[in-house]
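Each remark here refers to the structure printed beneath this line.
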Amino acid sequence: MRSMCSVLVVACVFGGYGLAAEDIVAPGAELEVLSRGFSFTEGPAVDVEGNVYFTDQPNDRILKWDTRDILTVFMKPCGRSNGLYFDKEGNLLACADEKNELWRIDIQGNRTVVLGKYKDKILNGPNDLWVRPDGGIYFTDPFYKRPWWQHDARPQDGECVYFLSADGKKLIRVADDLQQPNGIIGTPDGKTLYVADIRAGKTYSYSINADGTLSNKKLFCELGSDGMTIDNEGNVYLTGRGVSVFDKDGKKIRQIDVPERWTANVTFGGKDRKTLFITASKGLYAIKMRTIGVR
């Protein structure tokens, strides 16, 4: 399936934020519709070349928007994958929601189940994840009842954040006091983790310790988020009603409205990582940025 010959341009409403000369959006840039017709887009992740992979969870597939602006199906079925993230070896990590698992998928589409249980009970449903520089994985595990599950009750005794060591030998809970953790992202230096408590309508920052544990929990902003990303200036991008951007001090600096019912997730992609890709309900959107995405 090829990209649309001419990209539909949608006017972007910025709500009065970011009108200074050093706007994070590229001069004159507007929100673009790259493709539509999906059931619900989620989990965008970028590989080393700048290609963007994302999920269409109800249709059980992972798609790829490459740097030539061509859209293809990367994997179907895909375990009802939700959040995605590339590890440093170039494998795609996926929150495979069908059986509450975390998968590792190589470039040929071969998958390995990384984990699916905590203390001999299945996980609630891994939702979003981030890989720190040494390969350790942080992921959120909220409970959203799925129509393809046969169980109705929450398997775990809480909705928590977990850390899996790089060697896969240690799985620990690192945050168990949130109502419903969802979006998650860390800084490229591996020192700070941001976690959104979407039910509480708050996002927190944590200091990352060498052993995977978290400390120094602080309220970052009074807004929850479905998905998150970060740029080279330390700005954090939250999603839900469009994309809300906060600087490193938790001050809102930009609002990017998206003409869909719900905006699920964001990532920077393209060869120069200066395009913000947005998965929102039935569409895949993009906008050119002044800032650059980081790994």
Problem - Segment Lys218-Glu89, length gained on full extension (0.36 nm per residue, minus Cα span) - result: 43.2 nm
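State to the nearest 20 debye the size of the charge dipole of the chain about its Cα centre, where the only charges are +1 on K and R beta carbons and -1 on D and E beta carbons. Let's see the in-between values first.
Working: 39 positive and 39 negative charges, 59 e Å.
Using only the charged Cβ atoms, the result is roughly 280 debye.
How long is the gain from Lys169 to Asp120 if the chain were fully straight, where each residue apart is worth 0.36 nm and the alpha carbon distance is subtracted? Show your work: numbers first, answer last.
On the way: separation 49, 0.36 × 49 = 17.64 nm, distance 1.48 nm.
Separation in residues times 0.36 nm, less the Cα-Cα distance, equals 16.2 nm.
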Practice task
Could you state the orientation-averaged shadow area of the convex hull built on the Cα atoms of the chain, in nm² to one decimal?
Solution key: 14.2 nm²
Handout entry: Segment Asp177-Ser207, extension gain: residue separation times 0.36 nm, minus the distance between their alpha carbons
Key = 9.2 nm
Exercise for the section: Name the long-range amide H neighbours of Ile292: under 5 Å, sequence gap of 5 or more, or other chain; modelled H, no Pro or chain starts. Expected result: Asn232, Glu233
Completion exercise
Between Lys191 and Ser39, the two model label points (7 Å from Cα along the beta-carbon direction) sit apart by a distance in nm of 4.4 nm
Practice task
Determine, for Val73, Val33, Val46, the number of other Cβ atoms within 10 Å of each Cβ, and report the residues in order from fewest to most.
Solution key: Val73, Val33, Val46
Problem - Sequence of Glu101, Glu42, Glu32 once ranked by neighbouring C-beta atoms within 10 Å, starting from the fewest - result: Glu32, Glu101, Glu42
Practice task
Please check which bits of region 23-51 a label hung off Asp249 would reach, taking the label as a point 7 Å along Cα-to-C-beta and the cut-off as backbone N under 11 Å.
Solution key: none
Exercise for the section: Only Cα pairs under 8 Å and at least 6 apart count here; give the relative contact order of region 38-288 as a rounded whole percent. Expected result: 14 percent
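Laboratory data are not the source of any read-out in this text; all were calculated from the coordinates shown. None of the values given here were measured: they were computed from a predicted structure. In this analysis, Cβ positions are derived from the backbone assuming ideal geometry, glycine residues included, and neighbour counts consider all displayed protein chains.
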